[in-house]
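Take a look at the structure below.
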Amino acid sequence: MPHDTETTRAAQAAAGPLHTELDLGAVVASGWADPAGFPAAEFARAEAFWLDRRRHDDRLLAVRAEASRLVTEWAGRVPRDVGSFGTRLNLAGSDLDLGIGYPADQRAGLTAALAPHAELKGERQTSFSTTRLVWAFSCDGVEVDLSALTEDDFVVACRMLDQIDQAMTRDERIAHTWVKHLLRSAGRREDYARWKLVVYARFCPEFNWVPIPE
């Protein structure tokens with residue numbers, strides 16, 4: 001999942017929580033942001049915010065293309081965007097998240113190949129019986145996280161992303177992103193960490209989605 005930059009988090013904290021007519025606690029507890037439940041003025045603010053994020057898509061697409069080229073060169077695998085930018089649920093300061101499938105028994109070789117280029121962040125749980133390795137590197141000023149999933153888990157992740165692309169409506173993306181923005185601006189770190197995962201958990205219950213508060 002995306003991790004926000006320290007500068008962006010500090011700016012949000014200084015600005016304080018945003019006004020909202022939503023009951024954020026109830027929305028978080030429901031596990032989904034239903035745009036039909038938004039007051040008209042609230043949804044208009046949410047839509048304006050989401051459209052403002054879309055103004056940066058061309059630059060992030062270019063950075064993602066270059067980061068993907070580098071990963072393909074280093075790891076010999078073509079990555080897929082597995083993060084919030086790929087689903088158009090990103091906030092300002094969100095990083096890029098790329099994923100590849102790689103044999104678990106060959107991770108030592110992959111670690112050696114990536115060592116000159118990326119920092120190993122550690123091993124994380126993916127499903128209840130599998131893990132992934134995560135690296136970080138910078139590309140044109142944007143932090144990129146690279147996850148090496150097992151080959152079977154990568155297939156599952158790609159299927160999940162395809163389902164999100166097909167099933168999640170534009171208004172649902174707007175509503176979800178707005179709630180995420182409100183939670184971050186209010187400094188509700190645990191709720192924010194959980195909320196970032198609700199879309200993935202809805203479409204992929206096979207994985208063990210563990211929030212990582214930032």
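Side notes on the structure shown:
- Any chance L24 is out of contact with any helix residue (DSSP H, G or I) (no Cβ under 9 Å at 6 or more places or on another chain), among the aliphatic types (A, V, I, L, M) and surrounded by 11 or more Cβ atoms within 10 Å (Cβ to Cβ): no
- Pairs with Cβ under 7 Å, 6+ apart, first in the range 115-132 and touching a residue at least 12 places away in the same chain (Cβ under 8 Å), second outside any strand (DSSP E or B) and among the aliphatic types (A, V, I, L, M): Q125/V210
- First in the range 56-82 and within 14 Å of H117 (Cβ to Cβ) and in contact (Cβ under 8 Å) with a residue 12 or more places away in the chain, second anywhere and charged (D, E, K, R) and not in a helix (DSSP H, G or I), Cβ under 9 Å, 6 or more apart: E66/D140; A67/D140; S68/R80; S68/D81; V71/R77
- Among the residues here, A148 qualifies as closer than 23 Å to R64 by Cα and surrounded by 22 or more Cβ atoms within 10 Å (Cβ to Cβ).
- Checking each residue in the range 102-132 for being crowded, with 20+ Cβ neighbours inside 10 Å and either closer than 10 Å to L149 by Cα or modelled with pLDDT under 95 (or both) picks out Y102, T126, R132.
- Sole exception among (1) at pLDDT 95 or above; (2) over 28 Å from I174 (Cα atoms) for D81, by number: (2)
- Total residues in the range 68-104, condition in contact with a Cys (Cβ under 9 Å, 6 or more places away or on another chain) and more than 17 Å from L120 (Cα to Cα): 2
- A count restricted to the range 84-101 and to residues that are part of a strand (DSSP E or B) and modelled with pLDDT of 95 or more stands at 6.
- Flag if V71 is among the aliphatic types (A, V, I, L, M), assigned to a helix (DSSP H, G or I) and either modelled with pLDDT under 95 or farther than 24 Å from C158 by Cβ (or both): no
The values are calculated or read from the model by the stated rules, or taken from the named source; none is laboratory data. Fair warning: this is a prediction, and the values are worked out from it, not measured in the lab. Because the Cβ atoms are built from the backbone with ideal geometry, glycine has one as well, and the counts that use them run over all protein chains shown.
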